[in-house]
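The values are calculated or read from the model by the stated rules, or taken from the named source; none is laboratory data. Keep in mind that what you see is a predicted model, and the values were worked out from it rather than measured. Positions of Cβ are backbone-derived with ideal geometry, glycine not excepted, and every protein chain shown enters the neighbour counts. Note: areas computed on protein heavy atoms with side chains; ligands, DNA, RNA excluded. Shrake-Rupley method; radii C 1.70, N 1.55, O 1.52, S 1.80 Å.
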Amino acid sequence: MSPAEPTKNNGSSAIVVLDKFIQATRDSGYKGTASAISELVDNSVQAGATCITICVTPVSSSSTGADIEVSVCDNGCGMDPFTLRQALRFGGSTRFGDRSGLGRYGMGLPNASLSQARRVTVLSWQSPGVIRGSRQTRPNARPERVFTSFLDVDLIISGAMVEVPRPKAVTSIPAGHAGPSGTLVSWTQCDRLDHVRVSTIVRKLEADLGRRFRHFLWTGTRITINGNVIRPFDPLYLEPSNAGTGGRLFGEELRYEICANNGDQRITSTVLVRFSELPVKAWHVLSNEEKRRVGIAKGAGVSIVRAGREVDYGWFFMGSKRRENYDDWWRCEIQFDPVLDEAFGIAHTKQQIRPQSYLMEALTPNIEATARLLNSRARKAHFTVKTTERSSESERVATERNHLLRPLTASVDPQKKRLMKTLESAHPTLRRRSSGQGYRYMIVEGSVKDTCFYSFTHNKDKMILVLNQDHPFYREIYKPLLESTTQRDNKLRAKIEIMLLAAARSEAATLKTNPGLARYRLAWSNTLAAFLNEK
Ligand SMILES: Nc1ncnc2c1ncn2[C@@H]1O[C@H](COP(=O)(O)OP(=O)(O)OP(=O)(O)O)[C@@H](O)[C@H]1O
Ligand SMILES: [Mg+2]
């Protein structure tokens, strides 16, 4: 084609050949439905929404892909007709090039939508007093008219749609979405969703969005999907989440001041890196199935969080360290602001990173070294667990001989009940019902609220002894025995455990008649600490 020859797009020389572009762009982009939906949730969050409602609904009795509709509705600031029309344009944005929030390319809404559906319709409404870019409105402000516009792949391909239709006013806010301002984006003729079943789509989205938007969920944003509240999932297991807590922050949070552009010190921003370690002792006994379900197995990796939203999860900044099974037992999170988009290699789909070499050089040495250290700690912890499995010897003996004693009544002490709940959430294995074994005894390690060197709680089917890891008894007497691999030390430790289990049980049995025992245990612990602590 000679430079002067027009394209075949209606004889025009428009830079974009619209019908071809729209088909090509549908293929070039999102890894999947969760990545695409995340763009809509990003927009809602940035519009100041506190409540985001996702619906995935079958539109006919058969629920094959094309018969599913997806919508995302929010109570954010909404859009005026001008902004709404811009919002549906590829490149249309009220924040193009902005580095202070999630969006900056003007691509998310149209591109993500058409990657999943042949048609996207947007309805948006604002109250008269709405302050642009915020949710603040005059008190008692009533919504103004609702405006709507749409894009349709088939109309674009046939040439019947060459620009975003001028927004039309509709009479009322969609049912169930009353509020002074908000936006509803709905995808129809969804021919590219990841799955054909509504239930599978919902299940996968629940898990994916719970992880991606965890930081927002923790700070009060409410996201529902088909009526169910999405719960945050913390891959570091530090914050309360679906799979429970149990991780421990490892080391200090690391901070790196990174240049937005290589070598140019004028614009810099902080990258935060933190690590967590998972409790091998408490969780290694989970079945493989359970480990997969709660995200431990095959969960090794680094969560990359941009402006509070996870954009990638994988094996980054590890230098020559390869991923191994032991790496499932520690996690890493890297947080950065969009100022560093170029350094992290963020593209407009915001679903993966391609770090530049100067960023790798800055982050890799520490991250790789810590990864190796955490790997060896996990390896060691597994080894200790194997050797201490014999420690369950004391639990087994006490469990077997419990019938020789007068049965314990369940504790009614609210403090003990609370302790039981906390322990069960931190140690999922404690939740298991005893299968016909009768009354069970268990020993766990942890931090207790007071300075006692051991504490306990019990209910109708088990007694749990908690050894206080912060007490010198643990450090000076128990831990050396625990780490020892000699049989003699193991036996000695089992006997000490038996002694403590007996003490705890006797205290539980006589608590009613002798409430001062808990005070005595505290005094004994403090004296012991005074004797054991080195000056
Ligand atoms: N839910 C919403 N509430 C209010 N305004 C919205 C909403 N969704 C989109 N917008 C407006 O539409 C514009 C275009 O959104 P779009 O997601 O396409 O681009 P962006 O968010 O600006 O950038 P990016 O491509 O990085 O996401 C936004 O700049 C915003 O003004
Ligand atoms: Mg956006």
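Residues in region 436-451 that are out of contact with any strand residue (DSSP E or B) (no Cβ under 6 Å at 6 or more places or on another chain) and either under 15 Å from ARG519 (Cβ atoms) or at pLDDT 90 or above (or both): LYS449, ASP450, THR451. Cβ-Cβ distances below 8 Å connect the following pairs, each with a first residue in region 34-54 that is more than 13 Å from LEU205 (Cβ to Cβ), a second residue that is more than 10 Å from ligand 2 (Cβ to nearest atom) and in a helix (DSSP H, G or I), and a separation of six or more residues or different chains: VAL45/PHE216. Contact map, region 494-513: first residue open to solvent by less than 60 Å² (accessible area, probe 1.4 Å), second residue hydroxyl-bearing (Ser, Thr, Tyr) and modelled with pLDDT of 95 or more, Cβ cut-off under 7 Å, separation 6 or more or different chains; pairs are LEU500/TYR454; ALA504/TYR454.
Picking from residues in region 316-366 that are open to solvent by 30 Å² or more (accessible area, probe 1.4 Å) and in contact with a Lys or Arg (Cβ under 6 Å, 6 or more places away or on another chain), the one that is farthest from ligand 1 (Cβ to nearest atom) is TYR326.
To keep it simple, each residue is scored yes or no on (1) closer than 27 Å to ASP19 by Cβ; (2) away from ligand 2 (no atom under 12 Å from the Cβ); (3) touching a strand residue (DSSP E or B) at 6+ places or on another chain (Cβ under 9 Å).
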| residue | (1), (2), (3) |
| --- | --- |
| VAL70 | yes, yes, yes |
| ASP74 | no, yes, yes |
| GLY78 | no, yes, yes |
| LEU84 | yes, yes, yes |
| GLY92 | yes, no, no |
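For the criterion of being open to solvent by 60 Å² or more (accessible area, probe 1.4 Å) and either over 23 Å from TYR441 (Cα atoms) or not assigned by TED's automatic domain parsing to the domain that holds LYS416 (or both), GLU476 passes. Screening the candidates THR349, THR399 for the property of being in the same structural domain as PHE316 (by TED's automatic domain parsing), at negative phi and touching a residue at least 40 places away in the same chain (Cβ under 8 Å) yields one hit, THR349.
Does ASN262 count as surrounded by fewer than 15 Cβ atoms within 10 Å (Cβ to Cβ) and in contact with a helix residue (DSSP H, G or I) (Cβ under 9 Å, 6 or more places away or on another chain)? In short, yes. Those helices (runs of 4 or more DSSP H) of region 268-346 in which 2 or more residues are within 20 Å of GLU424 (Cα to Cα) and out of contact with any helix residue (DSSP H, G or I) (no Cβ under 7 Å at 6 or more places or on another chain) occupy 288-293. Within the option set THR245, THR219, THR188, THR183, being within 16 Å of ligand 2 (Cβ to nearest atom) and on the phi < 0 side of the Ramachandran plot holds for one residue only, THR183.
Against the condition touching a residue at least 24 places away in the same chain (Cβ under 8 Å) and either touching a strand residue (DSSP E or B) at 6+ places or on another chain (Cβ under 8 Å) or buried (at least 16 other Cβ atoms within 10 Å of the Cβ) (or both), how does LEU151 come out, does it pass? Break it down into steps so the answer makes sense when it comes.
On the way: touching a residue at least 24 places away in the same chain (Cβ under 8 Å): yes; either touching a strand residue (DSSP E or B) at 6+ places or on another chain (Cβ under 8 Å) or buried (at least 16 other Cβ atoms within 10 Å of the Cβ) (or both): yes.
The answer is yes for LEU151.
Only strands (runs of 3 or more DSSP E) whose full extent lies in region 429-533 are considered here, and the ones with at least 2 residues that are of a type in the set (Val, Ile, Thr) are 440-446, 462-468. Meeting the requirement of 3 or more residues that are surrounded by fewer than 22 Cβ atoms within 10 Å (Cβ to Cβ) and more than 10 Å from ligand 1 (Cβ to nearest atom), the helices (runs of 4 or more DSSP H) wholly within region 7-121 are 18-27.
For region 170-199, give me each residue that is under 22 Å from SER44 (Cβ atoms) and aliphatic (A, V, I, L, M). Don't jump to the end; show me each part of the working.
The initial filter retains those residues of region 170-199 that are under 22 Å from SER44 (Cβ atoms), namely 170, 172-188, 190, 192-194, 198.
Hits for region 170-199 are VAL170, ILE173, ALA175, ALA178, LEU184, VAL185, LEU193, VAL198.
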